[in-house]
Every structure is written in structure tokens, then in C-alpha cells.
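I have placed the structure first, in the form of C-alpha cells, so that the comments after it can refer back to it.
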Amino acid sequence: MEDTSKNNITCADKLKEMYPRNTHRVSVFKYEIGCSFGGIMRSGKCFAVSGQFSYKFGKNEVILEEGENALLPGGEYEFKVLGKKDVELVMVWKLPKEFSS
């Protein structure tokens with residue numbers, strides 16, 4: 001997993017402009033305080049727009065807060081909103097060639 005880093009991106013719309021629609025999928029997610037769940041995902045880059053949250057992949061945990069981003073591995077994960085603020089995050093995935101135009 002990649003170390004988190006600060007960035008100047010604070011708006012989901014700007015991220016959608018940065019990643020071409022024909023080669024990337026950009027999805028915005030909003031979660032309320034106390035939300036937690038598990039799932040399976042493809043690897044992608046996660047941008048924290050607001051709030052603080054964690055993704056846990058096995059023994060590896062990534063904690064992000066507003067203005068940070070990290071490259072997340074694919075696989076089974078657990079997600080959890082941390083702190084006392086709702087979360088907004090943006091996930092960016094590179095589309096496989098067969099879905100790119």
C-alpha cells in the first residue's frame with residue numbers, strides 16, 4: 001500500500017476532470033458517522049474529501065482524512081468512518097482495456 005499524502009484536491013468535480021471518463025471510473029461515496037461495512041474491491045486510488053475513515057485489508061490499515069489520498073490494493077476489506085464527522089470520499093479506478101474507448 002502507498003503512504004498517504006496531502007493533496008490540493010478538495011472537490012470531487014475536479015477529480016472527475018483530472019481522470020478521463022474513457023479510461024477511468026470516478027465514483028463519489030458519502031457515509032454517515034458510525035458507518036462500517038466490509039466488501040471486495042479492485043485496486044484504486046482513494047481521495048478523502050471530508051471526514052476521517054479507514055480501510056483495512058487483512059492486517060494492513062490505511063487511515064485517511066480530508067485532503068489525503070492513497071493507492072488501495074484490491075481484495076477483501078473492512079471500511080469504517082472514524083471521528084465525529086460524516087465522510088465523503090472519491091474512488092478512482094483505471095478501466096480495463098476492454099472497457100476503455
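What follows is calculated from the coordinates using simple rules that are stated; it is not laboratory data. Since the model is a prediction, treat every value here as computed from it, not as a measurement.
Tabulated results
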{"item": "Lys pairs, the chain - Cα-Cα below 19 angstrom, 8 or more residues apart or on other chains", "result": "20"}
{"item": "Where the Cα pairs of region 5-96 fall when distances are cut into 5 Å bins, in %", "result": "3, 15, 25, 27, 19, 9, 2, 0"}
